[in-house]
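Here the structure comes first, spelled out in C-alpha cells, and everything after it is commentary.
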Amino acid sequence: MWYEGDTMEFLESMIAYPLGFAMNLCYRLISNYGIAIILFTLITKFVLLPLSVWVQKNSIKMVQMQPAINRVKATFFGDADTIADEEAKLYKKYKYNPLSSIFPLLIQILLLMGVVAVIYNPFQYLFNMDASLIDAINKVASELSGVSVAESSIQLTAIEYIQNPEYVAAFAGIEGIGDYLTKIQNFDLMFCGINLSHNPSIVLGV
C-alpha cells in the first residue's frame, strides 16, 4: 500500500538528487563542506528568485486592491455572496489569483526539503553510496555513538567517527567501504573552527 510518507520521501528524493549534484560540484570547487553549503544555499536562492519576484508582484497587487476590497466589504456588509462576487471582479480586474501564492510556497517548501536532505545525507548525495553500504555505516556509527539510525544527523555522526583514528577500525571491516573510507577521512567538515559533523546533543549535551 502506498502511504503519504512514501509520497513525501519520493518527492524529497526527486528534488534532492539534482540538488545533490549541485552540492557535489560546490564541494569539489571549494573542498570545504561549510563553505560549499553557503555557496549551495546561494545557488538555491538564485533558483528561487523568479518565484520570489512572482510572490512579491502578487503581494503588491493585493496591497493595491485592499482599499477597494475594504470598500466592498463596507458597502455590502452582511451580504457574503455579493462581497464574494465583487471581490472576484476585483481579482479579474487586477489579474490576481488568490491561489497564486500557494504554488510558489509549495515549491519553496519542497526545495527546502531537498536542501535539508542533501546536507544531512552526504553519503547518498555526495559520495553516491549504495543504500546497503550507507545502512551498514550508519549502524556502526549508531552503536558507537548511541545516536539512533533514524536521526537525521546519523551520517554526519558517522563521518565524525570515521575521521577519528580511535574508531576508524570499526568501519574498515564493512563490505564495500573500500576507497570510500579514505574519501570520508579527507572530507573537510571544519568551518570557522567548528566541526559540522558534531551532534549538539552529544558535544554540548543539549
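Annotation: per residue accessible area for the chain equals 62 Å², rounded to a whole number [probe 1.4 Å, protein chains only].
Each of Leu25 and Ala84 was given a label point 7 Å from its Cα along the Cα-to-Cβ line. The distance between the two points is 4.8 nm. Estimated from helices alone, the mean residue ellipticity of the chain at 222 nm is -23500 deg cm²/dmol (sum of -39500 (n - 2.57) over DSSP H runs with n ≥ 4, per residue).
Working from the pairwise distances between different alpha carbons, so that the mean of 1/r is found and then inverted, what is the stretch 14-81's Kirkwood radius in Å? Let's see the in-between values first.
Values: mean 1/r = 0.0644 Å⁻¹.
Computed over Cα pairs of the stretch 14-81, the Kirkwood hydrodynamic radius comes out at 15.5 Å.
Val168 label point, 7 Å along Cα→Cβ, cut-off 17 Å on backbone N: hits in the stretch 126-146? The answer is 141, whose backbone nitrogens lie closer than 17 Å to the label point. Ordered from longest to shortest, the equivalent ellipsoid semi-axes for the chain are 49, 18, 15 Å, each the square root of 5 times a Cα gyration tensor eigenvalue.
Note that the stretch 55-108, at 37 °C in a medium of 0.692 mPa s, gets a Stokes-Einstein diffusion coefficient of 276 µm²/s from its Kirkwood radius over C-alpha pairs. Between the beta carbons of Glu175 and Thr41, assuming R0 = 30 Å, the FRET efficiency works out to 0.25 to the nearest 0.05. The chymotrypsin sites (Phe, Trp or Tyr not before Pro) found in the stretch 12-108 that occupy coil by DSSP, while having at most 14 further C-beta atoms within 10 Å, are Phe77.
The values are calculated or read from the model by the stated rules, or taken from the named source; none is laboratory data. All of these numbers come straight from a predicted model, not from anything done at the bench. Note that we place each Cβ from the backbone using ideal geometry, even for glycine, and neighbour counts take in every protein chain shown. These area figures cover heavy atoms from the full protein model, side chains too; ligands, DNA and RNA do not enter into them. Shrake-Rupley method; radii C 1.70, N 1.55, O 1.52, S 1.80 Å.
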